[in-house]
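Take a look at the structure set out below.
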Amino acid sequence: MSDIIDADDQRAEGLKAWGWVSYVLHLIVAVAAVVPGAQPSAALLLVALVIDLVKKGEAQGTWQASHFTWRISTVLTAGVLYLVTAPLWLLFFLPGWVAWSLISLWFLYRIVRGMVAMNQSHAVTS
């Protein structure tokens with residue numbers, strides 16, 4: 001019986017470690033998105049997204065599952081919003097800048113909110 005508990009504890013800690021790696025990568029991208037001139041590679045975001053997609057199934061049935069879903073939906077939603085508002089940059093600089101700034105702040109908020117919940121070992125909710 002204790003072997004099963006130990007395996008569950010190790011799995012939970014492993015998922016939490018992968019979650020932190022993903023959150024930190026997202027945080028780097030999110031902070032850079034709101035700091036003028038700081039542009040990290042989109043590769044960081046893709047690495048974090050792949051981690052979340054690969055580990056999401058392993059987290060099924062745990063409180064950590066919500067974090068994987070949270071990060072995936074945050075990235076996909078931000079990506080769609082950036083694409084939809086991209087024409088504003090071509091037409092008018094200021095509306096494009098305002099739209100992308102708001103999206104970037106929303107992205108940063110979502111990542112920090114998820115990190116706070118992860119730090120407290122709680123599921124993140126909408």
>> Just checking, does segment 67-80 include any residue being exposed (fewer than 11 other Cβ atoms within 10 Å of the Cβ) and not aromatic (F, W, Y)?
In response: no
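Within segment 10-51, restricting attention to residues that are part of a helix (DSSP H, G or I), small (G, A, S) and surrounded by fewer than 16 Cβ atoms within 10 Å (Cβ to Cβ), which residue is modelled with the lowest pLDDT? Break it down stepwise before answering.
Here is the first cut: in segment 10-51, the ones part of a helix (DSSP H, G or I) are 10-34, 42-51.
Keeping just the survivors that are small (G, A, S) gives 12, 14, 17, 19, 22, 30, 32-33, 42-43, 48.
With the extra rule that they be surrounded by fewer than 16 Cβ atoms within 10 Å (Cβ to Cβ), the set shrinks to 12, 14, 17, 42-43.
Working: A12: 83, G14: 91, A17: 94, A42: 80, A43: 85.
The residue in question is A42.
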> What are the pairs, 6+ residues apart or on separate chains, where a residue within segment 36-55 that is closer than 18 Å to S73 by Cβ has its Cβ under 8 Å from a residue that is among the basic types (K, R) and assigned to a helix (DSSP H, G or I)?
Replying inline: A48/R71; L49/R71; D52/R71
> What are the residue pairs meeting all of these: first residue in segment 85-100, first residue farther than 18 Å from V35 by Cβ, second residue in a helix (DSSP H, G or I) and aliphatic (A, V, I, L, M), Cβ atoms under 6 Å, and 6 or more apart or on different chains?
Replying inline: T85/A99; L88/A99; P95/L88
>> Here is a list: V84, V98, V54. Which entry is within 17 Å of the chain's Cα centre (by Cα), surrounded by 11 or more Cβ atoms within 10 Å (Cβ to Cβ) and over 18 Å from V116 (Cα atoms)?
In response: V54
>> Go through segment 57-66 and report how many residues are small (G, A, S) and surrounded by fewer than 13 Cβ atoms within 10 Å (Cβ to Cβ).
In response: 2
> Here is a list of conditions, (1) among the polar types (S, T, N, Q); (2) within 30 Å of D8 (Cα to Cα); (3) outside any helix (DSSP H, G or I), and S66 meets all of them except one; can you say which number that is?
Replying inline: (3)
>> T85 - would you say it is assigned to a helix (DSSP H, G or I) and either hydroxyl-bearing (S, T, Y) or closer than 24 Å to K16 by Cα (or both)?
In response: yes
> Does G79 qualify as being part of a helix (DSSP H, G or I), modelled with pLDDT of 90 or more, in contact with a Lys or Arg (Cβ under 7 Å, 6 or more places away or on another chain) and not β-branched (V, I, T)?
Replying inline: no
> L90: outside any loop (DSSP other than H, G, I, E, B), surrounded by fewer than 11 Cβ atoms within 10 Å (Cβ to Cβ) and touching a helix residue (DSSP H, G or I) at 6+ places or on another chain (Cβ under 9 Å), yes or no?
Replying inline: yes
> Looking at this structure, is W63 of a type outside the set (D, E, K, R) and free of Cβ contacts under 8 Å to residues at least 60 places away in the same chain?
Replying inline: no
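The values are calculated or read from the model by the stated rules, or taken from the named source; none is laboratory data. The model shown is predicted, which means the values in this text are computed figures rather than measured ones. In this analysis, Cβ positions are derived from the backbone assuming ideal geometry, glycine residues included, and neighbour counts consider all displayed protein chains.
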